[in-house]
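Below is one structure, written out as structure tokens, with a few remarks after it.
The values are calculated or read from the model by the stated rules, or taken from the named source; none is laboratory data. Note that this is a predicted model, so its numbers are computed, not measured. Cβ placement follows ideal geometry from the backbone for every residue including glycine, while neighbour counts extend to all protein chains displayed. All accessible areas refer to the heavy atoms of the entire protein, side chains included, with ligands and DNA or RNA removed. Shrake-Rupley method; radii C 1.70, N 1.55, O 1.52, S 1.80 Å.
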Amino acid sequence: MSKSFQAIKGTKDLLPVDTARWREFEAVIHDTMQQWGFGEIRTPIFEKTELFSRSVGEESDIVSKQMYTFIDQSDTSLTLRPELTAPTMRAYIQHNMDREGALTKLYYMDTLFRQERPQAGRLRQFNQFGAEAIGSPHPEQDAEVIVLACAILNKLGVANPTVLVNTVGSSESRERYRSELVNFLTPLKNELSETSQKRLKSNPLRILDTKDKKEVALLSDAPDILNCLNSEDLHHFEKVQGFLNELGIAHECSNKLVRGLDYYTRTTFEITSPDVGAQNALCGGGRYDELIEQLGGKPTPAVGFAAGIERIMLALGEKQDQTTEKVMVYIVTASESAVDSLFRLANKLRQNGISTSFDTLRRSVKAQMREANRLAATHAVIVGDEEIADSSAKVKNFKTGEQNTISMNDLVSHLKSL
Ligand code: AMP
């Protein structure tokens, strides 16, 4: 029979061999976020389309090309979330968390959808974790968020990350920069791609995002945003970098880092890895002081980041299965009459917190031993007619080959003491 159905391109099944690693990752992320005082938020998978078009920006690649949008039966345009900051802010406003003077620290770990051209590290359904610190306009908050991202990547085992930081300034500085950039690019207009020509009118800063080699070369002489910053913006940026220096977080200033989303103000940052090829960004974020107001909340400054889990896994490469030190039992029996007691025994071990498997195919002892090996069991508990008769079991340590007979009454405490 042919296999008629395959997972959609750019989506992935996670099989039991994969999910163990996912759970390890997820545990590190949850633990660290909570240690740092961030509380978890989970929002629905779909939202009104307008939430994304208004926040991320009509011109962004996400909104203009990548959203999975559909009209539901009541003629409402809905979109599978392509990012998580806007839904988090929607929830923040909806649940009246925007109280004056409050500092709200939220984190998420969830699935997103973008209709991208699939390739290594670029999927259509993928997972991000991220943090949003809402309420503080001060540079120490930007620094805390960047350091948190670094701390998690470090705990997950990412070696050699590069932290890139920039500032896109407040609206005032950005306006000045925008006009300098337009003055610089207008005489070069004919050398720009069609998209960049359009952006020259609508959103010239986005041209700095280009991956086109010719445009990148043209932009090497472009004006530097740092020269257009007002003194508050410059001070903010210097303070953020000062905090990073103080903590020994190596970083580079990357004055073209505007990031593809429209809502950033002041700090933007990205963490990249040399180990993932073309899609080298593991994490991206920045400050977005105007977004909450744009979405109908009270004016509230905020800063956050999002990191892609699949991409981090790619950066880390295939990790060899770690041999767990935890006891994992496989019950082996040679006797059909032992099946009932074996079933009861498995239940008792599990109730006592001992990982336990046994065969329900009634295979040979040899096949059961092979299966135990395949499952990476640490010990076999062997129960045959003889053991049932004297109420005992043989416990075999797979690593050392050592085998002992243990009375049934002592089995749980024996296994727990290993
Ligand atoms: P963004 O939301 O575009 O700022 O992306 C933040 C992070 O999410 C990136 O640094 C990647 O690690 C990850 N990411 C973004 N798009 C994809 C994708 N299509 N597939 C897998 N990971 C992605």
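Return the Rg/Rh value of the chain, two decimal places, where both radii are evaluated on C-alpha atoms and Rh is the Kirkwood radius.
Taking Rh as the inverse mean 1/r over Cα pairs, Rg/Rh reads 1.11.
About the Cα centre of the chain, how large is the charge dipole given +1 on each Lys and Arg Cβ and -1 on each Asp and Glu Cβ? Please answer in debye to the nearest 20.
Computed about the Cα centre, the dipole is about 1120 debye.
What part of the accessible area of the chain, given as a whole %, is carbon or sulfur when the probe is 1.4 angstrom?
Percent of accessible area from carbon and sulfur atoms in the chain: 49.
Go through 129, 228, 409 and say which Cα lies farthest out towards the positive end of the charge dipole of the chain; charges sit on Cβ, +1 for Lys and Arg, -1 for Asp and Glu.
Positive-most Cα among the choices belongs to 409.
Hey, which lysines would be in cross-link range of residue 3, C-alpha to C-alpha under 29 Å, not counting anything within fewer than 8 residues on its own chain?
Excluding near neighbours in sequence, the set is 12.
Based on the mean of other beta carbon atoms within 10 Å per residue, what is the order of 81-90, 241-250, most packed first?
Order by mean packing, descending: 81-90, 241-250.
Using alpha-carbon positions, what is the distance between the centroids of segment 63-93 and segment 1-32, in Å?
So the two Cα centres are separated by 24 Å.
Using Stokes-Einstein with the Kirkwood hydrodynamic radius over Cα pairs, what translational diffusion coefficient do you get for segment 312-418 at 20 °C and a viscosity of 1.002 mPa s, in µm²/s rounded to a whole number?
Reported coefficient: 148 µm²/s.
So which aspartates and glutamates pass the test for residue 399, namely a Cα distance under 17 Å, with those fewer than 8 places away in the same chain ruled out?
By straight Cα distance, residue 399 reaches 321, 325, 371.
Per DSSP H run of at least 4 residues, take -39500 (n - 2.57); add these up for the chain, divide by its residues and hand me the 222 nm value, nearest 500 deg cm²/dmol.
Value at 222 nm, helices only, nearest 500: -11000 deg cm²/dmol.
Based on the mean of other Cβ atoms within 10 Å per residue, sort peptides 134-147, 151-164 so the most packed one is first.
Packing proxy ranking, top to bottom: 134-147, 151-164.
By a straight-distance test (C-alpha under 19 Å), which aspartates and glutamates pair with residue 348 as possible cross-link partners, with residues fewer than eight away in the same chain excluded?
Those aspartates and glutamates meeting the cut-off are 340, 359, 387, 390, 410.
Projected onto the charge dipole of the chain (+1 at Lys/Arg Cβ, -1 at Asp/Glu Cβ, origin at the Cα centre), which of 372, 148, 173 gives the Cα projection farthest towards the positive end?
372
Going toward the positive end of the dipole of the chain, with +1 on Lys and Arg Cβ and -1 on Asp and Glu Cβ, which of 64, 216, 356 do you reach last?
About the Cα centre, the residue reaching furthest to the positive side is 356.
Take every DSSP beta bridge with both residues inside segment 329-417 and express the antiparallel ones as a percent of the total, to the nearest 5.
Antiparallel: roughly 55 percent of the beta bridges in segment 329-417.
Going down the list 326/394; 201/256; 48/211; 213/256, which pairs span over 23 Å between their C-alpha atoms?
Distance filter (> 23 Å) returns 48/211.
Roughly how big is segment 329-417's charge dipole about its Cα centre, with Cβ charges of +1 (Lys, Arg) and -1 (Asp, Glu), in debye to the nearest 20?
440 debye
For residue 343 and residue 239, what is the calculated FRET efficiency with R₀ set at 60 Å and r taken between the beta-carbons, to the nearest 0.05?
Efficiency at R0 = 60 Å is approximately 0.40.
Just the accessible area per residue of the chain, please: how many Å² with a 1.4 Å probe?
53 Å²
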